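Let me begin by presenting the structure, written as structure tokens, before commenting on it.
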Amino acid sequence: MRRRGAGSAARVPRTAYDADSVLHNGPGGLRLAVLLPKAPIVTVECRLRGYEPLVAVDHHNPGDIGYEIGPDRYMEGASLGQVLSLLEREPTETQRLLAAGDHCLTAAYQGACQGAPPDRLLELRASWQARVSGRRLSEVIGGILDAALQVRARYDSIRGESRFLDPIGVPRDLPEGAAYAGLPVRYRQLLPDGVVKEMFKGGSPDAIERFMEEHRSAGRPAYGNPYRGYAGAYWGG
């Protein structure tokens, strides 16, 4: 039911919160599973139409268990941490790094997540990015550090953010570099369907709220979590 690993590059599709079926992943591969009408279920960053879960593991939307949890309790906030708690398992070092990076990346890079050292976090995330992109690890780390330098150079103390509003000129590793720099960044991305997506990451709760209100007032769909420091809006095609 869930289509993403914590901290990975894949994205949960919008249909994840309106799923109409369940797949079972076993030795024989994927196959359609049949649930009894009142079968108890636990959902992880998804919803199954017609079923009310015993526990809904998530941290994206108001009311989610981890929605309002800050970096000091990142294992409670991250979906991975919530799953481990349900299974009564202690997190490994790697799982702590994954949870910190997924739940509050900017804060984690600034050392705010106990048990998730920033240098190990960079190593883990850069290694994964190198693996999925086919780039050399040194190239990925260099790109992150260069993006961090550009974010620092463009930081506007009056606005309280760095801006990269030309989708063509956005550094490849900008989101990671901005988090590493510990500074709020606003940037735009041109999606394959022609829609421009504007994102704001690393901001304070007030700044995130202002960003969402700005776009909603202009009639644009916006989303975000002030407690986790991110927001996004769609400009249309």
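For the pair L30 and R120, the difference between a 0.36 nm per residue extended length and the Cα-Cα distance amounts to 29.0 nm.
Provide the percentage of antiparallel DSSP beta bridges, counting only those with both residues in the chain; round to the nearest 5. The antiparallel fraction comes to roughly 75 percent.
Using a cutoff of 8 angstrom between alpha carbon atoms and counting only pairs six or more residues apart, the relative contact order for the chain works out to 12 percent. Rounded to the nearest Hz, the phi-derived 3J(HN,Hα) couplings of segment 123-136 under the Karplus curve 6.51 cos²θ - 1.76 cosθ + 1.60 (θ = phi - 60°) are 4, 5, 5, 5, 5, 5, 4, 5, 5, 6, 9, x, 7, 6, where x marks glycine and proline. Heavy-atom surface analysis with a 1.4 Å probe gives segment 73-136 a carbon and sulfur content of 48 percent of its accessible area. Close amide H partners of V22, meaning residues 5 or more places away or on another chain with modelled amide H under 5 Å apart, are A33.
Each peptide in 83-92, 96-105, 195-204 receives the mean, over its residues, of other Cβ atoms within 10 Å, and ordering these scores from highest gives 96-105, 195-204, 83-92. Calculated accessible area for segment 47-97 comes out at 58 Å² per residue, all protein chains present (probe 1.4 Å; ligands, DNA, RNA ignored).
An ellipsoid equivalent to the chain, defined through the eigenvalues of its Cα gyration tensor, has semi-axes of 30, 22, 18 Å when rounded to whole angstrom and sorted largest first. Principal-axis analysis of the Cα atoms of the chain puts helix 93-109 at an angle of about 40° to the longest axis. As a length-normalised measure over Cα pairs under 8 Å and 6 or more apart, the relative contact order of segment 189-230 settles at 42 percent. A convex hull fitted around the alpha carbon atoms of segment 107-229 yields 122 Å³ per residue. Each residue of segment 55-65 was assigned a 3J(HN,Hα) from its phi angle through the Karplus expression (A = 6.51, B = -1.76, C = 1.60, θ = phi - 60°), giving 9, 10, 7, 5, 8, 9, 10, x, x, 5, 3 Hz with x at Gly and Pro. Contact order, relative form, for segment 134-237: 21 percent (alpha carbon pairs under 8 Å, 6 or more residues apart, mean separation divided by residue count). Approximating the spin labels as points 7 Å out from Cα along Cα→Cβ, the D20-to-L87 distance works out to 3.1 nm. Relative to the longest principal axis of the Cα atoms of the chain, the long axis of helix 137-154 lies at roughly 60 degrees.
A Förster radius of 35 Å combined with the Cβ-Cβ distance from V132 to D156 puts the calculated FRET efficiency at roughly 0.60. Given a 1.4 Å probe and the protein chains as shown, R216 ends up with an accessible area of around 120 Å².
Along segment 26-34 the Karplus relation, 6.51 cos²θ - 1.76 cosθ + 1.60 evaluated at θ = phi - 60°, assigns HN-Hα couplings of x, x, x, x, 6, 8, 5, 9, 10 Hz to successive residues, with x for each Gly and Pro. Normalised by residue count, segment 6-109 yields a Cα convex hull volume of 134 Å³ per residue. Net charge of the neighbourhood of L137, taken over other residues with C-beta under 10 Å away and scored Lys/Arg +1, Asp/Glu -1, is +1.
The values are calculated or read from the model by the stated rules, or taken from the named source; none is laboratory data. Predicted, not measured: the structure shown is a model, and the values here were computed from it. Every residue, glycine among them, receives a Cβ derived from its backbone with ideal geometry; neighbour counts consider all protein chains shown. Keep in mind that these areas ignore ligands, DNA and RNA; they rest on the heavy atoms of the full protein, side chains included. Shrake-Rupley method; radii C 1.70, N 1.55, O 1.52, S 1.80 Å.
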